[in-house]
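Below: one structure, written as structure tokens.
The values are calculated or read from the model by the stated rules, or taken from the named source; none is laboratory data. Just so it is clear, the model here is predicted, and its values are computed rather than measured. Backbone-built Cβ (ideal geometry, glycine too); neighbour counts: all protein chains shown. All accessible areas refer to the heavy atoms of the entire protein, side chains included, with ligands and DNA or RNA removed. Shrake-Rupley method; radii C 1.70, N 1.55, O 1.52, S 1.80 Å.
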Amino acid sequence: MVKVKDAEVPEGLIYSKDFEWVKAEGAKVRIGITDYAQKQLREIVYVELPAEGDTITQNEPYGTVESVKAVSDLVAPLSGTIEQVNTEVQDKPELLNEDPYNKGWLLVIAPSNMEEQKNLMDHPQAVEWHKGLSED
Amino acid sequence: MGNHKNRTHLHAFHVKNGKMISFAGFEMPIWYKGIIPEHLAVRNSIGIFDVGHMGRAVITGPEAEEFLNFVTTNNVSTLEPFSAQYSTICNKRGGIKDDFVLSQQERGNFFMVYNAANRKKNYQWLTKNATRFKVEIEDLSDNISMFAVQGPRAQETLQKITTEDLGKIERFKCGWIKLAGLKTFISRTGYTGEDGYEIFIWDTPVSASEKAEKAWNAIIKAGKEFHIEPCGLGARDTLRLEAGMCLYGNDLDENTTPLEARIGFVVKFQKEEFIGKEALQKQKVEGIKKKRIGLKMLDTGIPRPKHEISKKGEKIGYVTSGTFSPLLRQGIAMAYIHPESAVTDNTLLVKIRDKHVRAEITRFPFYDPDRYGYKRK
């Protein structure tokens with residue numbers, strides 16, 4: 001497990017600068033928010049996600065996470081059609097804090113444009129990028 | 001206040017243990033462990049807050065009482081020595097310039113604790129309106145430390161570090177008490193809905209904060225057996241909101257009167273003269289155009305300030321404070337609506353982003369007062 005300061009940045013994932021991770025699963029991808037993001041938000045108490053069959057667009061908001069204090073947009077790392085929604089995190093938003101890379105996943109999508117992955121960071125790039133983030 | 005960020009007495013502690021934010025010109029902790037555990041520590045046991053950002057002024061002189069009766073809305077003549085009252089300062093239109101707690105120490109020595117964001121505005125307003133009175137107003141904000149110790153275990157905790165009987169100081173009473181060997185002024189007041197105290201140490205500038213640190217550490221040590229938590233501004237906000245208490249700038253402002261805010265008990269019309277009296281009297285006769293209400297969400301979603309409130313497709317108001325309630329584990333809010341729009345049934349819609357979600361009008365406090373808060377059984 002690679003840790004930058006206090007935040008875990010697991011290998012085998014690619015990352016967006018909007019604090020999301022992307023995991024390739026065959027022709028589909030699973031997405032979620034990073035450990036750094038959940039630590040910044042602290043106690044996540046509400047998650048709003050789109051429905052199966054909806055489409056999302058790279059760099060555009062597709063949902064919302066709320067902590068006690070703040071509302072943050074979820075910004076799509078890739079474009080595609082939603083195949084699965086993690087309904088468990090809607091009932092238990094704390095899963096995003098407890099396990100952001102596994103149980104706290106958000107969506108599985110069928111990407112519509114593989115070229116878009118060029119806009120994301122691979123693991124070494126993500127590690128470097130995390131080094132520049134403030135801990136506050 | 002200069003351009004630099006002001007600091008409070010416990011700045012070093014906050015930086016070491018908490019997450020800092022900027023608030024009303026101050027560097028303040030928003031949380032240490034997190035809003036939810038800090039909030040629950042206060043509801044269930046005890047928490048301590050550094051609230052040194054608040055404004056603190058001493059008002060003395062032979063006409064201090066007359067002056068305060070003129071400039072504030074509550075009746076200062078009924079305020080006994082070593083007692084405190086909640087009150088407001090209004091403008092000529094009856095709009096609230098600030099809300100605060102005024103206490104009287106020895107007869108004729110008044111002590112006002114007001115909002116950090118209004119420090120400058122209040123001092124200027126007080127000074128400007130004091131010209132025809134024999135009165136002295138001294139802003140001691142930076143020379144008196146201020147903590148709040150709140151929760152059902154507050155009395156038990158502080159009793160461990162004083163030889164005086166704290167039971168003698170009832171709610172909204174105050175007094176000089178030697179605490180941890182230090183001369184302190186304590187007031188049984190707070191901003192959480194719980195029993196508790198606000199503790200002041202005179203002659204303690206931020207630049208020489210040893211006395212404040214000593215008291216803070218002694219309280220944390222004494223509260224250890226009750227799992228005391230240092231609490232940040234985040235929990236302070238959720239606690240006051242659950243208790244139904246207003247936050248200036250959100251729920252109160254210069255275009256809102258105490259009658260609209262439903263804190264009319266701070267306006268004493270029997271007084272001969274006070275700033276805003278005419279406008280407020282007129283409003284009392286003619287009726288209010290908006291009123292403050294509490295909202296509890298019936299559907300999922302967290303209401304936030306500025307969210308629109310509607311009923312039968314018609315916009316009837318807006319949210320002024322909203323959060324996730326750590327105790328009730330649901331969205332709660334304060335809002336202003338047209339007074340006529342909630343006569344028959346209590347269900348409304350709150351527009352959260354693109355969705356209209358159901359909420360019901362609820363009385364304050366949001367929690368069950370038999371189980372939580374200073375009136376708990």
Worksheet item: Taking only protein heavy atoms and a 1.4 Å probe, what accessible area per residue, in Å², does the protein assembly as shown have with all protein chains in place?
Response: 44 Å²
Worksheet, complete the sentence: Ordered by number, the residues of region B:303-328 that have at least 20 Å² less accessible area in the complete protein assembly than on their own chain alone (1.4 Å probe) are B:Arg304, B:Phe324
Discussion item. Net charge within 12 Å of A:Asn97 by Cβ-Cβ distance, Lys/Arg positive one each and Asp/Glu negative one each, not counting A:Asn97 itself?
Written reply: -1
Worksheet item: Can you list the residues of region B:7-43 that have at least 50 square angstrom less accessible area with all protein chains present than in their chain by itself, probe 1.4 Å?
Response: B:Lys19, B:Trp31
Discussion item. How large a share of the accessible area of region A:2-116, in percent, is made up of carbon and sulfur atoms when the probe is 1.4 Å and the other protein chains stay in place?
Written reply: 44 percent
Worksheet, complete the sentence: Computed about the Cα centre, the charge dipole of chain B from +1 Lys/Arg and -1 Asp/Glu charges at the Cβ has a magnitude in debye, to the nearest 20, of 840 debye
Fill in: Compactness of region B:289-377 as Cα Rg over 2.2 N^0.38 Å, two decimals
1.07
Fill in: In order through region A:92-108: 3J(HN,Hα) via Karplus (6.51 cos²θ - 1.76 cosθ + 1.60), integer Hz, x for Gly, Pro
10, x, 5, 4, 5, 7, 6, 8, x, 9, 10, 4, x, 4, 10, 9, 10
Practice prompt. Please give the average number of partner chain Cβ atoms lying within 10 Å of the Cβ of each residue in A:40-46, rounded to a whole number.
Written response: 5
Discussion item. Report the Cα-based extents of chain A along its three principal axes, largest first, to the nearest Å.
Written reply: 36, 32, 23
Worksheet entry | Enclosed volume per residue, in Å³, of the convex hull spanned by Cα atoms of chain B | 144 Å³
Discussion item. With a 1.4 Å probe, what is the total accessible area buried between chains A and B, in Å² rounded to the nearest 100?
Written reply: 1500 Å²
Worksheet item: Can you work out ³J(HN,Hα) from phi for every residue in region B:363-377, in order, using Karplus 6.51 cos²θ - 1.76 cosθ + 1.60 and θ = phi - 60°, giving whole Hz and x for Gly and Pro?
Response: 7, 9, x, 6, 8, 6, x, 6, 10, 9, x, 5, 8, 4, 8
Item to complete: Determine which lysines satisfy two conditions relative to B:Lys377: a Cα distance under 22 Å, and not lying fewer than 8 residues away in the same chain.
Response: B:Lys168, B:Lys173
Worksheet entry | Proximal lysines to B:Lys271, defined as alpha-carbon separation beneath 17 angstrom and excluding residues fewer than eight positions away on the same chain | B:Lys92, B:Lys282, B:Lys284
Fill in: Part-to-part distance (alpha-carbon centres) for region B:73-149 and region A:15-88, which is given in Å
49 Å
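Counting only protein heavy atoms and using a 1.4 Å probe, what share of the accessible area of region B:289-377 belongs to carbon plus sulfur, as a whole percent?
On the way: 2240 of 4590 Å².
Carbon-and-sulfur percentage of accessible area, whole number: 49.
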Fill in: Spatially proximal aspartates and glutamates relative to B:Lys5 (Cα-Cα < 14 Å; intrachain offsets below 8 disregarded)
B:Glu27, B:Asp142
Practice prompt. Return the average number of partner chain Cβ atoms within 10 angstrom of each residue Cβ along peptide A:66-73.
Written response: 6
Response to the item:
Sequence order, region B:17-33: Karplus ³J(HN,Hα) from phi using 6.51 cos²θ - 1.76 cosθ + 1.60, θ = phi - 60°, Hz rounded, Gly and Pro as x, gives 10, x, 9, 9, 9, 9, 9, 6, x, 10, 8, 10, x, 8, 7, 10, 7
Discussion item. Of the candidates B:Glu27, B:Glu242, B:Glu164, which one comes out as most mobile in a Gaussian network treatment of chain B with C-alpha springs shorter than 10 Å?
Written reply: B:Glu164
Response to the item:
Of the listed pairs B:Lys183/B:Lys221; B:Lys128/B:Lys291; A:Lys69/B:Lys121; A:Lys69/B:Lys120; A:Lys17/A:Lys39; B:Lys97/B:Lys277, those with alpha carbons more than 23 Å apart are B:Lys128/B:Lys291; A:Lys69/B:Lys121; A:Lys69/B:Lys120
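Compare the peptides A:8-16, B:109-117, A:87-95 by average per-residue count of other Cβ atoms within 10 angstrom and give them in order, highest first.
In decreasing order of mean packing, A:8-16, B:109-117, A:87-95 become B:109-117, A:8-16, A:87-95.
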